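Visitor: So that we are looking at the same thing, I have put the structure below in structure tokens.
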Amino acid sequence: MNFLFLCTGNSCRSILSEALFNARAPQGFSACSAGSQPSGKVHPLSLRTLQSLNIPTEGLWSKNMQDCEEFNPQIVVTVCSSAAEEPCPLYLGNAIKVHWGLEDPSHLECADDEKMQAFMRTVEHIQRRFDAFFDLDLNHLSKEDLVIALSKIGQID
């Protein structure tokens with residue numbers, strides 16, 4: 001099952017989601033991330049946060065949605081409100097679409113150590129949602145039940 005995490009800039013929340021998902025996903029599951037208006041670079045604190053957790057950062061880059069077309073995602077998760085309001089490319093037509101909003105720690109105006117703590121809180125938030133997802137019995141869920149479950153997961157703080 002392929003997940004596509006979408007955000008506007010694809011430098012922080014969607015990148016963190018991609019790397020964290022891939023670090024713990026069982027065989028047959030994979031994630032990619034993209035931005036509707038990619039910044040062209042991964043936020044340095046996203047990389048530092050992942051590296052502090054011993055999660056590989058090789059191959060992470062700020063992509064646009066067309067870069068993920070061949071990935072063929074079954075589930076598209078928007079992690080910022082502006083991406084949730086934008087139309088998805090046609091190739092995502094059959095994918096399940098859900099919104100798992102996250103605050104953007106990269107926009108905080110504070111010292112780097114405080115900002116790093118905010119990045120870690122974002123990671124913890126993402127991990128709680130992944131805990132709930134990986135606890136689902138996917139073999140016994142209809143598509144409608146999966147949509148409902150994914151929507152509920154998006155409300156986990």
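Visitor: Working only within region 134-151, note down all residues that are surrounded by 12 or more Cβ atoms within 10 Å (Cβ to Cβ), more than 12 Å from Ile96 (Cβ to Cβ) and free of Cβ contacts under 8 Å to residues at least 40 places away in the same chain.
Guide: Once the filter is applied, which keeps residues that are surrounded by 12 or more Cβ atoms within 10 Å (Cβ to Cβ), more than 12 Å from Ile96 (Cβ to Cβ) and free of Cβ contacts under 8 Å to residues at least 40 places away in the same chain, region 134-151 yields only Leu136.
Visitor: Restricting region 4-30 to residues that are in contact with a helix residue (DSSP H, G or I) (Cβ under 6 Å, 6 or more places away or on another chain) and surrounded by fewer than 24 Cβ atoms within 10 Å (Cβ to Cβ), which is nearest to Val123 (Cα to Cα)?
Guide: Ranking the qualifying residues of region 4-30, first place goes to Leu20.
Visitor: Take the residues of region 38-48 that are under 25 Å from Arg121 (Cβ atoms) and more than 15 Å from the chain's Cα centre (by Cα): which is surrounded by the fewest Cβ atoms within 10 Å (Cβ to Cβ)?
Guide: Among them, the one singled out is Pro44.
Visitor: How about region 108-157: which of its residues are among the β-branched types (Val, Ile, Thr) and in a loop (DSSP other than H, G, I, E, B)?
Guide: Result: Ile156, single match.
Visitor: What helices (runs of 4 or more DSSP H) completely inside region 9-104 contain at least 3 residues that are in contact with a Ser or Thr (Cβ under 7 Å, 6 or more places away or on another chain) and at pLDDT 90 or above?
Guide: 13-24, 44-52
Visitor: So, in region 27-51, how many residues would count as being touching a residue at least 24 places away in the same chain (Cβ under 8 Å) and out of contact with any Gly (no Cβ under 7 Å at 6 or more places or on another chain)? Let's see the steps before the verdict.
Guide: Start the filter on region 27-51 by keeping residues that are touching a residue at least 24 places away in the same chain (Cβ under 8 Å), which leaves 28-39, 41-43, 45-46, 48-50.
Next cut, out of contact with any Gly (no Cβ under 7 Å at 6 or more places or on another chain) only: 28-34, 36, 41-43, 45-46, 48-50.
Residues in region 27-51 being touching a residue at least 24 places away in the same chain (Cβ under 8 Å) and out of contact with any Gly (no Cβ under 7 Å at 6 or more places or on another chain): 16 in total.
Visitor: Please go through region 53-85 and give me each residue that is without any contact (Cβ under 8 Å) to a residue 12 or more places away in the chain and more than 23 Å from Gly154 (Cα to Cα), ordered by number.
Guide: If the condition is that a residue be without any contact (Cβ under 8 Å) to a residue 12 or more places away in the chain and more than 23 Å from Gly154 (Cα to Cα), then Asn54, Glu58, Gly59, Glu70 are the ones that fit.
The values are calculated or read from the model by the stated rules, or taken from the named source; none is laboratory data. A quick note: this is a predicted structure, and the numbers were derived from the prediction, not measured. Every residue, glycine among them, receives a Cβ derived from its backbone with ideal geometry; neighbour counts consider all protein chains shown.
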